[in-house]
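Read through the structure below, which is laid out as structure tokens, and then see the notes.
The values are calculated or read from the model by the stated rules, or taken from the named source; none is laboratory data. Just so it is clear, the structure is predicted and the values come from calculations on it, not from any experiment. Glycine gets a Cβ as well: all are built from the backbone with ideal geometry, and neighbour counts include every protein chain shown. Calculation scope for accessible area: heavy atoms of the full protein, side chains included, ligands and nucleic acids excluded. Shrake-Rupley method; radii C 1.70, N 1.55, O 1.52, S 1.80 Å.
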Amino acid sequence: MDSSEPARDDSSRRLAGDVDVLVVGAGITGIYQLHRAREAGLTAMLLEAGGGVGGTWYWNRYPGAQFDSESYTYAYLFSPELFAEWDWHEHYAHQPEIERYLNHVVDRFDLRRHMRFDAKVTSALWDESSGKWAVVASDGTELRAQFLIAATGVLSVPYFPDVPGREDFRGESHHTGLWPTTPVDFAGKRVAVIGTGSSGVQLIPEIAGEVASLTVYQRTANWCTPLNNAPITAEEQARLRADFEAVRETLNTSASGFLHPAHDRATFDDSKEERSVFFEKMWNSPGFSKLISHYTDLTLDRAANAEWCEFITEKIRGIVDDPETAAQLTPKDHRFAEKRPPFVTGYYETYNRSNVSLVDLRETPILRVTETGIETANGVREFDIIVWATGFDFGTGALTRMGIRGQDDLALADHWADGPRTFLGVETTCFPNFFFPGGPHAAAGNNPRYNGDQVDFITETLVYLRDRGDDIIEVESAAEDKWTSMVDTAATLPPSFGEISYYFGSNIPGKPRRYLLNSLGRPKLFKEIAKVRANDYKAFRLSRSASPGSRPRRAAAAGAQ
Ligand code: NA7
């Protein structure tokens, strides 16, 4: 493998040359992958479409954007020094602090000089004869990489619904996932927010106090429960530091990648009175403990789930003054955790403000966007700003739009036309030397934790390959078939999210309904990675590129391992 850095010609912004590893995406996974590759002695570059570091936490800078995993469970764990020197201010940090943290990491580990921003990868072609990827980016960068690692995220391609007239609106329009770097001035403005998923319900309470009017267009009500955020006290900070090894051990081994302990009782083990007390405790508990530390049968037993939903319904009725609005805010078509549950701060309370109103799109769908507002069957409402909080093309959106072509010029978008096929959520057949940590099929839970598992595995694999003197790795189709069918089978079983969730791609018209997570989760990922190691990488075909000149084709290469 090459040991030299690629040559730069800054005048043309063109980078010519070869690297061992090209990472795409400067989000939490891409930064870690770049660090691990460099640490392993590989030459590596990172290309990022955005103007700075952060990925999701660069683009989603709308007011109220924040973690709903605890800051210290979402952050990096690879360096005790980094953990010790960074003081998170809140249990659930807001976007500015997250962006600062990721920039700090990049500088602390001297990664910035290996990164290029405003460089969106537009094509990546596998060159069979040299056994390399030829990559082109929007800024003119062209380079060849032995390994292409797309850390492009699962929630990185914003989705705009095809509403007639959307382009005609003459006021400001913003998508939460494409938020401008200059602040949006909401003061005294008439604002519409379309969408009440995690992003919408974070934004709505945050801006309600400064706008002249806020109209929320809701298609599906969500089971929102309190995030219960708080500042991290000096005492808590000291305890986190002292417990670092234990925290890391738990996060590195737990199924969900959280610190929340599992409960040991099922719903109907408790009396009605005991259940009320427990539900109240859950309501006041932080973030995802409402899923992980809840009764063991919450997602397994419909009657158990219904009890919790009834409790939330009562809470909504108790908070929202207007009974009709409370009823509209109460989900009727799905159970708790059938969709990804949002966590909120003062969300339901917002609807008691006189300047906030809710439009139920089940009753009055949007007919069109006009030059000045939004028209439903009830007429036109005029706005200065429309916010599209309408979600993302989850899981495969970025990967299938990057112009990736593998063996025999096969486009990844065609290879995955019926949904992704992967092994461990890291590799796919017909695309040698291509990895996608943090993409579809890995696990479910706290993303950076299982994405980090994948980065570690990929890095270890590249080192293994180098130590053998090989430089081409392809996954065997039997391994891919097995993993993909495991994902599909497990998708029909609890605790998978429901088919109405975007985890099945169901929010994107025309997208195949295939589960994009792995509901057997991290334990399955760990088990399979251990098996790969024990079987000396038998799930993969390893070979050596014939250089110079052409290397043997697939069939011949199969004998290599
Ligand atoms: P989500 O959770 O996908 O939410 C998108 C919202 O937009 C949701 O309320 C949708 O309603 C709504 N939507 C989508 N299309 C339309 C149309 N055509 N008309 C009206 N409303 C629409 O995305 P978020 O950005 O909130 O959250 C994504 C993830 O980011 C989140 O899960 C966390 O991991 C962080 P629907 O429910 O489809 O009826």
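Just one of the listed residues (ASN378, ASN355, ASN433) is on the phi > 0 side of the Ramachandran plot and not acidic (Asp, Glu), and it is ASN433. Restricting the first member to segment 138-156 and to residues that are of a type in the set (Gly, Ala, Ser), and the second to residues that are open to solvent by 30 Å² or more (accessible area, probe 1.4 Å), the beta-carbon pairs closer than 6 Å and six or more apart or on different chains are SER138/LYS120; SER138/THR122; GLY140/ARG13; GLY140/ARG14; GLY153/THR56.
Each residue in segment 185-214 was checked for being more than 26 Å from LEU367 (Cβ to Cβ) and aliphatic (A, V, I, L, M), and 1 of them qualify. The set of residues in segment 364-404 being farther than 16 Å from VAL163 by Cβ, of a type outside the set (A, V, I, L, M, F, W, C) and away from the ligand (no atom under 16 Å from the Cβ) consists of GLY379, GLU382, ASP384, THR400, ARG401, GLY403. Whenever a residue of segment 455-470 is touching a residue at least 24 places away in the same chain (Cβ under 8 Å), its partners that are assigned to a helix (DSSP H, G or I) and hydroxyl-bearing (Ser, Thr, Tyr), lying with C-beta atoms within less than 6 angstrom and at least six residues away or across chains, give the pairs VAL455/TYR32. Pairing each residue of segment 494-507 that is open to solvent by 30 Å² or more (accessible area, probe 1.4 Å) with any residue that is of a type in the set (Phe, Trp, Tyr) and near the ligand (Cβ under 8 Å from one of its atoms), provided the two are 6+ apart or on different chains, yields C-beta distances under 6 Å for TYR502/PHE394. Taken as a whole, the structure leaves ARG248 outside the set of residues that are open to solvent by 20 Å² or more (accessible area, probe 1.4 Å), near the ligand (Cβ under 10 Å from one of its atoms), touching a residue at least 24 places away in the same chain (Cβ under 8 Å) and touching a Leu at 6+ places or on another chain (Cβ under 6 Å). Applying the set (1) within 21 Å of ASN60 (Cα to Cα); (2) away from the ligand (no atom under 15 Å from the Cβ); (3) part of a helix (DSSP H, G or I) to LEU203 leaves exactly one unmet item: (2).
Answer yes or no: is there a residue in segment 215-223 that is over 17 Å from ASN355 (Cα atoms), more than 11 Å from the ligand (Cβ to nearest atom), assigned to a loop (DSSP other than H, G, I, E, B) and within 24 Å of the chain's Cα centre (by Cα). For segment 215-223, residues over 17 Å from ASN355 (Cα atoms), more than 11 Å from the ligand (Cβ to nearest atom), assigned to a loop (DSSP other than H, G, I, E, B) and within 24 Å of the chain's Cα centre (by Cα): present.
Of the listed requirements (1) more than 16 Å from the ligand (Cβ to nearest atom); (2) open to solvent by 10 Å² or more (accessible area, probe 1.4 Å); (3) under 26 Å from GLY452 (Cα atoms); (4) not in a strand (DSSP E or B), GLY140 misses just one: (3).
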